[in-house]
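Contents: one structure, followed by commentary.
The values are calculated or read from the model by the stated rules, or taken from the named source; none is laboratory data. Note that the coordinates shown come from a computational prediction; the quantities given were computed from them, not determined experimentally. In this analysis, Cβ positions are derived from the backbone assuming ideal geometry, glycine residues included, and neighbour counts consider all displayed protein chains.
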Amino acid sequence: MGNQIIEEAERNAPDILETVEELLPMCDVTCASTFDQARDLLEREVFDMAILDIMGVNGFDLLKLARKKKVLAVMLTSHALSPETTAQAYREGAASYIPKEKMPDIVTYLNDVLEAKERGKDSWWRWFERFGSFYERKFGPDLSKRG
């Protein structure tokens, strides 16, 4: 992979930061443990991808900044996981939206995003293939009527 990645997670979730670094040894991962730190890094440095933890609205603020800087942004969440926030991530330009319980497979999902970018395609078609049944089990079969 060899990509420059910034990963942001709140201070109370250092395990997420460590997990991302462990699962992506082929990447140069820069970790930010606060919103301000992540914002400053996104403004100053060049990244291929940003993995943003959604804790409150700050994750979406960082998504806007990442999009402005033309950085692929992947949203990562557990507490904010809902059809509505998934739809919001899609509408606001996230390349993907990964439930934290799917972290063991994050390399696969990030590769999906990078492959879609290389091909000039939208990465969400693969997202629906990978997470459609997960969302149906979690939120019910009428998911397509929400968001």
- Within the range 88-147, residues in contact (Cβ under 8 Å) with a residue 40 or more places away in the chain and on the phi > 0 side of the Ramachandran plot come out as 147
- Item | Residue within the range 110-119 that is surrounded by fewer than 18 Cβ atoms within 10 Å (Cβ to Cβ) and more than 17 Å from residue 24 (Cβ to Cβ) present | yes
- Query: If the Cβ limit is 7 Å and pairs must be 6+ apart or interchain, which residue in the range 73-84 that is closer than 24 Å to residue 41 by Cα pairs with which residue that is among the charged types (D, E, K, R) and in a strand (DSSP E or B)?
  - Reply: 76/53; 77/53
- Message: With under 18 Å from residue 18 (Cβ atoms) and either of a type in the set (Phe, Trp, Tyr) or touching a strand residue (DSSP E or B) at 6+ places or on another chain (Cβ under 8 Å) (or both) as the only criterion, which of 62, 76, 114, 72 stands out?
- Response: 76
- Of all the residues that make up the range 19-40, how many are surrounded by fewer than 18 Cβ atoms within 10 Å (Cβ to Cβ) and either of a type in the set (A, V, I, L, M, F, W, C) or at pLDDT below 70 (or both)? 2
